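Worksheet for the structure shown next.
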Amino acid sequence: MKKTLAAIMGATMLSTPMALADSWQPERPMTMVIGFAAGGSTDIQGRVLARTLEEHFGQPVNVVNQPGGGGAVALTRFLNAEPDGHTFMFGVMLGLTFSPIVTETEYDIDDFRYAGTLVGGQFGVVSRGDAPYQNFEELVAYGQENPMTYAQQLPMDQAIMQLIADQEGIDLAIVPTDGGGGMAPLLLGGEVDFAFSGGTHAQYTPTGEMNVLAFLTRERSPFYPDVPTLVELGYPYAMDDFRSFFLPGGTPDEIVQAFEDAARFAVEHEPFVDVTVDNTLHPIVFMDAEETEATIREIRAANEGLMAN
């Protein structure tokens, strides 16, 4: 059962510093793979999560960034990882729920195991704070009179923005990026007109440097309650996503259970909760291994239906 931020913050904080002695334990330093460049929200959360896991597992956790394709590059490389628990991913689901629909990939859902979810998505469309459009309707009106450039991060956000541009008669040029760390300088430097953000905007909206125009999630963000979703604006497109632990296919059940337990520890560990909620403005959302895999398959089926239509 999913636990919301309110439920988790009301729970008793775990006090055990390491995994129980009778559960699986890593025998050497571990590697956490992140499918986005340094500086974005996934990377920011992941680096604090690595310290949390060091406390839980009692081994160093090294972070390796493998950006590209919204996580697809990292997932492709991850196919060859040893299923011994020492190499794992902290990643978004879209590399599994969307990328294989629109491009040929060497992997699919059945090639991995899923060991728990920690964070909910906050996908949004953002502009500079001083842009001549302060909401999505104004952006569309501006784009109908002026060519525009859009910084994408994922295959699905690109597909959605292109569909909207075609529908609204906007001359749109797509600029690819490998994550929030690559998007932010392009947007703030005026090299693109608007952009997709998976959460990097949280660092810039308090100062007014960025403005969230709309959310791509099915529900509004609890951190920006006045910003509508694309669905509310009349566009039948949504991107729901979560950040979870992925393990190589063939990983034994006891290791999957150990990472599920680590996810439970992390979502109640104050440093990780603080950076996730207060710094990157993402909700803490816990799902166990079984629900994580079920959610991936559910979103994948929904995305296939969306693209078929």
**Asked** Listed residues E55, E82; which is in contact with a strand residue (DSSP E or B) (Cβ under 8 Å, 6 or more places away or on another chain) and among the acidic types (D, E)?
**Response** E82
**Prompt:** Are any residues in region 102-138 touching a Pro at 6+ places or on another chain (Cβ under 9 Å), more than 30 Å from A263 (Cβ to Cβ) and either buried (at least 19 other Cβ atoms within 10 Å of the Cβ) or of a type in the set (D, E) (or both), and if so, which ones?
**Reply:** F136, E138
**Fill in**
Of the residues in region 143-197 that are within 16 Å of the chain's Cα centre (by Cα) and either assigned to a strand (DSSP E or B) or among the aromatic types (F, W, Y) (or both), the one that is surrounded by the fewest Cβ atoms within 10 Å (Cβ to Cβ) is Q152
**Prompt:** Pairs, please: C-beta under 6 Å, at least 6 apart or cross-chain, first residue closer than 19 Å to I160 by Cβ and of a type in the set (D, E) and in region 293-306, second open to solvent by less than 60 Å² (accessible area, probe 1.4 Å) and in a helix (DSSP H, G or I)?
**Reply:** E304/I101
**Scope region 37-60; condition among the aliphatic types (A, V, I, L, M) and either open to solvent by 10 Å² or more (accessible area, probe 1.4 Å) or in contact with a helix residue (DSSP H, G or I) (Cβ under 8 Å, 6 or more places away or on another chain) (or both); matching residues** = A37, A38, I44, V48, L49, L53
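Let me confirm something: among V92, V63, which residue is at pLDDT 95 or above, closer than 23 Å to T177 by Cα and open to solvent by less than 50 Å² (accessible area, probe 1.4 Å)?
None of the other options fit; the residue is V63.
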**Request:** Can you confirm whether region 215-230 contains a residue that is on the phi > 0 side of the Ramachandran plot, in contact with a Gly (Cβ under 7 Å, 6 or more places away or on another chain) and not charged (D, E, K, R)?
**Result:** no
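The values are calculated or read from the model by the stated rules, or taken from the named source; none is laboratory data. Since the model is a prediction, treat every value here as computed from it, not as a measurement. Note that each Cβ is placed from the backbone with ideal geometry, even for glycine, and that neighbours are counted across all protein chains shown. All accessible areas refer to the heavy atoms of the entire protein, side chains included, with ligands and DNA or RNA removed. Shrake-Rupley method; radii C 1.70, N 1.55, O 1.52, S 1.80 Å.
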